[in-house]
Structures are given as structure tokens and as C-alpha cells.
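First the structure, in the form of C-alpha cells, and then the observations on it.
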Amino acid sequence: MCGASSLAIFDLDGTLADSFPWFLRTINDVADRFGFRRVADEDIEGLRHASSREILSRLEVPLWKLPAIARHARRLKAEAASEISLFAGVEAMLRTLAGNGVQLALVTSDSEANAREKLGEAAALFAHFDCSASIFGKPAKFRRVIRRASVELDRVIAIGDEVRDIEAARAVGIACGAVSWGYAAPAALRALAPDHMFAQMEDIAEVVCRIPQRA
């Protein structure tokens with residue numbers, strides 16, 4: 001797949017940025033503010049095995065409140081930027097892909113300003129940003145990024161850490177890769193049979209660059 005005619009679309013939180021600890025520290029303050037169920041310690045593992053729709057149902061989150069919750073979460077992330085770092089090996093992996101001619105895109109629920117701050121110098125490696133995605137809004141953003149990148153669907157892979165990332169890639173008809181170090185439990189991701197399951201950061205560049213070039 002490596003080459004100028006290929007595209008890797010990355011999620012941010014839980015995939016490139018280690019934000020799950022921050023999320024766990026913050027979620028109950030958000031729950032109190034917006035009137036949904038608090039998350040007890042014993043709930044966490046079950047939620048990591050659930051889909052996005054199941055999580056919203058279990059926490060009794062009113063769907064009409066989601067846009068306001070997302071805006072509030074972005075503000076909190078901006079304030080906590082210094083607490084959220086990239087996973088080890090992210091910048092080296094991204095540089096390997098970019099150096100091999102892969103276009104990089106970021107599609108995230110976070111704001112572009114927050115994403116660029118988290119990525120630091122690595123932000124310059126990305127050719128495309130499409131941010132502030134709603135919880136089920138990634139397919140439309142994937143399609144828009146793919147159009148802008150001018151690549152064929154069979155030359156694209158989306159890499160994320162949640163069930164909805166796999167679902168979004170399937171909805172668009174592109175390959176999907178799931179990382180084992182993010183928000184969702186690895187077993188929940190493997191159950192959906194993603195095209196690639198990544199156990200280590202360095203596996204990403206190795207797999208993406210091993211996909212054969214089309215003749």
C-alpha cells in the first residue's frame with residue numbers, strides 16, 4: 001500500500017493519544033453536568049466491550065444532548081492538553097509512513113486545534129484534517145478525506161481503537177485496522193474481524209507498507 005496513491009486515516013484519542021486515563025478522571029464530572037449515569041469502577045471493563053450505541057444506552061445519555069456534551073468535552077481536553085501525551089512510538093510510525101509516500105489524515109471527534117496541540121511536531125506530517133466528528137459521523141468525514149486525497153478505496157485504511165471506527169470504515173468500503181491499546185477491549189474489536197489488528201505501534205507501518213502495490 002505504501003506510495004503516493006495510498007492513504008492512512010487515523011483516529012486520535014486512544015489510537016495516537018493516550019487520553020483514556022484523562023477520560024476516566026473526567027467522565028463523572030461530565031455525567032453530573034449533563035444528567036446521565038456516572039461510571040463506577042466496576043462498569044469500566046463492561047463498557048470497553050460495548051458498542052457506542054450500547055454505551056449510550058447503558059449510561060442513559062439522551063441523544064439530543066450529544067452535541068453539547070461533545071463541545072464541553074473539547075473544551076475540557078483543551079484545558080487538559082498537558083496531561084494527554086502521544087503513545088510511545090507514534091511519531092516514528094507516522095514518519096515512516098509519510099517517508100514512504102503514504103498520505104496521512106486525521107479524523108477525530110476532537111477539535112483540530114486540540115489535535116494539532118496533542119500531535120505537536122507530528123501534526124506537520126498530516127495532509128488532511130477533518131475534525132469535530134459526531135459520534136456516528138465518521139463515515140461522511142472518511143468519504144470527504146478520501147475525495148480530497150484523490151485515492152481509490154482499495155488504497156485506503158482507517159485505523160482506530162473503537163467499534164465505531166471499524167463500523168465507519170466498513171460503511172465506506174475501506175480497509176480497517178484496530179489497535180489493542182485504546183478505549184475498546186481488544187476482544188470486542190477482534191469480534192468484528194477487522195482487516196488488521198495491531199498489538200504494537202511499530203506493527204502499523206510494517207503492515208501498511210507490506211500491502212502490495214497495484215500493478
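The values are calculated or read from the model by the stated rules, or taken from the named source; none is laboratory data. Just so it is clear, the structure is predicted and the values come from calculations on it, not from any experiment. Heads up, the Cβs are rebuilt from the backbone with ideal geometry, glycines too, and the neighbour counts pull from every protein chain shown. Surface accessibility is based on the protein's heavy atoms, side chains included, excluding ligands, DNA and RNA. Shrake-Rupley method; radii C 1.70, N 1.55, O 1.52, S 1.80 Å.
For the reader, a short list of remarks on this structure follows.
- Residue in segment 67-86 that is in contact with a helix residue (DSSP H, G or I) (Cβ under 9 Å, 6 or more places away or on another chain) and over 22 Å from Asn28 (Cα atoms) present: yes
- The residue that is surrounded by the fewest Cβ atoms within 10 Å (Cβ to Cβ), among those in segment 184-206 that are under 24 Å from Glu54 (Cβ atoms) and in contact (Cβ under 8 Å) with a residue 60 or more places away in the chain, is Ala187.
- Taken over segment 96-141, the criterion of being over 27 Å from Leu66 (Cβ atoms), open to solvent by less than 40 Å² (accessible area, probe 1.4 Å) and part of a loop (DSSP other than H, G, I, E, B) is satisfied by Gly101, Val102.
- In segment 164-183, the residue that is nearest to the chain's Cα centre (by Cα) out of those that are of a type in the set (A, V, I, L, M, F, W, C) and open to solvent by 10 Å² or more (accessible area, probe 1.4 Å) is Trp181.
- Single match in Arg33, Arg38, Arg71, Arg53 (criterion: open to solvent by 60 Å² or more (accessible area, probe 1.4 Å), closer than 23 Å to Phe136 by Cα, part of a loop (DSSP other than H, G, I, E, B) and not hydrophobic (A, V, I, L, M, F, W, C)): Arg38
- Of the listed requirements (1) within 17 Å of the chain's Cα centre (by Cα); (2) over 22 Å from Ala158 (Cα atoms); (3) surrounded by fewer than 18 Cβ atoms within 10 Å (Cβ to Cβ), Gly46 misses just one: (1).
- For segment 205-212, the criterion of a residue being part of a helix (DSSP H, G or I) and basic (Lys, Arg) is satisfied by no position.
- Applying the condition of being acidic (Asp, Glu) and part of a loop (DSSP other than H, G, I, E, B) to segment 1-30 and asking which residue is surrounded by the fewest Cβ atoms within 10 Å (Cβ to Cβ) yields Asp18.
- Test: residue in segment 74-83 that is within 19 Å of the chain's Cα centre (by Cα), exposed (fewer than 14 other Cβ atoms within 10 Å of the Cβ) and more than 24 Å from Asp18 (Cβ to Cβ): no
- Residue match in segment 133-152 (condition: over 12 Å from Ile9 (Cβ atoms), under 14 Å from the mean Cα position of the chain (by Cα) and of a type in the set (S, T, N, Q)): yes
For every residue, the table says whether it meets (1) at pLDDT 95 or above; (2) among the aliphatic types (A, V, I, L, M).
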position: Ala17; (1), (2): yes, yes
position: Phe34; (1), (2): yes, no
position: Pro62; (1), (2): no, no
position: Ala70; (1), (2): no, yes
position: Arg95; (1), (2): yes, no
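- Cβ-Cβ distances below 6 Å connect the following pairs, each with a first residue in segment 147-163 that is closer than 15 Å to Gly101 by Cα and open to solvent by 10 Å² or more (accessible area, probe 1.4 Å), a second residue that is part of a loop (DSSP other than H, G, I, E, B) and modelled with pLDDT under 95, and a separation of six or more residues or different chains: Val151/Ser5.
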